[in-house]
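*Asks:* This is the structure, below, for whatever I ask next.
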Amino acid sequence: MIEIYQILLNHFGKQKWWPCRTGDRFEIIVGAILTQNTNWKNVDKALDNLIKNKMLSKNKIKKIPISRLSALIKPAGYYNQKAKKLKAFVKYNGKITRASLLSIWGIGYETADSIMLYAYNKPYFVVDAYTKRIFSRLGLIKTQDYEYVRNYFESKLPKSISVYKEFHALIVELAKRHCKKEPLCRECPLAGRCRHAKRL
DNA sequence: CTCCAGGACAAGC
DNA sequence: GCTTGTCATGGA
């Protein structure tokens with residue numbers, strides 16, 4: 001597994017995730033919620049709107065009317081749902097752990113682990129749809145169950161925050177560049193490992 | 001025009 | 001328990 005990480009790192013270079021302009025962890029959390037099933041470019045516009053209107057803070061999100069909040073994050077799509085999710089998150093006051101994040105409405109496994117890893121620097125491997133798709137097509141995982149896949153990666157990798165961060169980012173980069181193109185295995189850095197004729 | 005993007009939740013079976 | 005529908009903009 002670490003070999004695959006090295007191949008991707010050598011091929012694409014460091015991705016330096018999570019993108020964050022303010023350097024504030026709250027921006028990472030908001031981004032993690034807004035990017036659910038959504039292109040990052042759209043999320044970027046929504047974050048721009050929040051920053052330009054000086055609304056990117058826990059207290060501001062608490063106080064802003066939900067109708068205005070949803071208008072500001074509109075480019076990110078699902079804006080009504082996501083406005084509710086942001087409200088649900090800022091309403092929570094307790095200690096932030098993986099379990100407590102999962103108890104908040106609107107935060108599922110991937111979002112919780114993204115927040116833990118990239119905002120709080122805790123060693124949870126983030127599993128997204130790309131990860132499941134690519135590694136099952138490589139023949140390395142049997143099921144798509146989230147916790148199974150996360151456990152698989154965490155057990156086969158050194159427990160390193162930076163490796164977890166980069167690897168997930170590299171998987172997304174690999175997917176963006178090669179998962180859509182057909183046939184896969186020519187320019188793909190994992191070509192030699194792909195047992196499938198189809199694309200990753 | 002269709003398809004999908006760094007998901008999560010609820011309803012239906 | 002597992003499968004399907006819903007949420008929605010913007011770019012390819």
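*Asks:* Could you list all residues from the stretch A:33-65 that are aliphatic (A, V, I, L, M), in contact with a Lys or Arg (Cβ under 9 Å, 6 or more places away or on another chain) and within 16 Å of DNA strand C (Cβ to nearest atom)?
*Replies:* A:I33, A:L34, A:A46, A:L47, A:L50
*Asks:* If you scan the stretch A:92-123, which residues turn out to be more than 12 Å from DNA strand B (Cβ to nearest atom) and in contact (Cβ under 8 Å) with a residue 40 or more places away in the chain?
*Replies:* Within the stretch A:92-123, A:Y120, A:N121, A:P123 qualify.
*Asks:* Also, I was wondering about something else. Assuming A:I2 fulfils every condition listed in (1) surrounded by 14 or more Cβ atoms within 10 Å (Cβ to Cβ); (2) in contact (Cβ under 8 Å) with a residue 60 or more places away in the chain apart from one, which condition is it?
*Replies:* So A:I2 meets the others, but not (1).
*Asks:* Spot the failing condition for A:I29; the list is (1) more than 15 Å from the chain's Cα centre (by Cα); (2) over 30 Å from A:R193 (Cα atoms), and only one is missed.
*Replies:* Status for A:I29: all satisfied but (1).
FYI, it's all coordinate maths here, none of it is from the lab. Quantities reported herein were computed from a predicted structural model and do not represent experimental measurements. Don't worry about glycine lacking a Cβ; one is built from the backbone with ideal geometry, like all the others, and counts go over all protein chains shown.
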